[in-house]
Amino acid sequence: MSKMKIIVAASAAALTALSPIALEIMAPTKNVEGGYVNHPSDPGGETNKGITKKVAVEYGYTGPMKSIPDAVVNSIYYQGYLVKPGFVPLIDLDPAVTTELFDTSVNMGPARPSRFFQQSLNEICPTLKLKVDGQVGPATVAGFRTCQRILLCRTMIPRLDAKQLAEYDRLIATNAKLKVFRNGWVNLRIGNVPLEKCA
């Protein structure tokens, strides 16, 4: 059995081992994403709680998307949108920034918010000169830790939102069918992590 299939096969009891803060980070996204959709203008096709059918299958889920179990969603959320992009070390450093990165990852895949994060770190702390490769590894985490002295959370979240908004507009310019989603994206995804959550 592949590693991804083992992840989906994990029992609901095993998923309760996720840290309470990880579950807290994931909960708002699950609420915003809601249930099953299969919008003709969405290139992602069948989606439930923000998990596309393609992603679900990659993680070993082969059942109907309309009834994907919550435990499977949590597992894919954690493994695909916190562990895989390298966000887990950020949870203890800054839960609010991690919440923003996680939510954007579910919304548009982890590579874009990872690049937004690295770009923003370079803008806030130009001495870092991080490679913007969409991979949040030890150098990016160390850079984030170094920059935390500069009111980072309150500076970082607006930058991430601005880059996310610009990416929505770029996607719409490329595919006009996506315009139908813009108001929802902006209302639910931009400014969704209040600065009051910053420590």
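Numerical summary
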quantity	calculated
Residue match in the stretch 109-121 (condition: of a type in the set (D, E, K, R), more than 16 Å from ILE51 (Cα to Cα), open to solvent by 10 Å² or more (accessible area, probe 1.4 Å) and under 15 Å from the mean Cα position of the chain (by Cα))	yes
Options SER41, SER11; residue that is open to solvent by less than 70 Å² (accessible area, probe 1.4 Å), at pLDDT 55 or above and over 19 Å from the mean Cα position of the chain (by Cα)	SER41
Residue in the stretch 154-199 that is nearest to ASP42 (Cα to Cα), counting only those that are touching a Cys at 6+ places or on another chain (Cβ under 8 Å) and open to solvent by less than 40 Å² (accessible area, probe 1.4 Å)	ILE157
Count of residues meeting criterion [assigned to a helix (DSSP H, G or I), surrounded by 14 or more Cβ atoms within 10 Å (Cβ to Cβ) and either in contact with a Lys or Arg (Cβ under 9 Å, 6 or more places away or on another chain) or not β-branched (Val, Ile, Thr) (or both)] in the stretch 141-153	6
Residues that are open to solvent by less than 20 Å² (accessible area, probe 1.4 Å), without any contact (Cβ under 8 Å) to a residue 40 or more places away in the chain and assigned to a helix (DSSP H, G or I), drawn from the stretch 125-140	none
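Conditions tested, residue by residue: (1) closer than 27 Å to PHE144 by Cα; (2) modelled with pLDDT under 90; (3) basic (Lys, Arg); (4) open to solvent by 50 Å² or more (accessible area, probe 1.4 Å).
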position: LYS49; (1), (2), (3), (4): no, no, yes, no
position: THR52; (1), (2), (3), (4): no, no, no, no
position: ILE68; (1), (2), (3), (4): no, no, no, no
position: ILE76; (1), (2), (3), (4): yes, no, no, no
position: LEU82; (1), (2), (3), (4): yes, no, no, no
position: GLY86; (1), (2), (3), (4): yes, no, no, no
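The values are calculated or read from the model by the stated rules, or taken from the named source; none is laboratory data. What you are looking at is a predicted structure, and each value in this text was computed from that prediction instead of being measured. Note that we place each Cβ from the backbone using ideal geometry, even for glycine, and neighbour counts take in every protein chain shown. Surface areas here come from the heavy atoms of the whole protein model, side chains and all, with no ligands, DNA or RNA. Shrake-Rupley method; radii C 1.70, N 1.55, O 1.52, S 1.80 Å.
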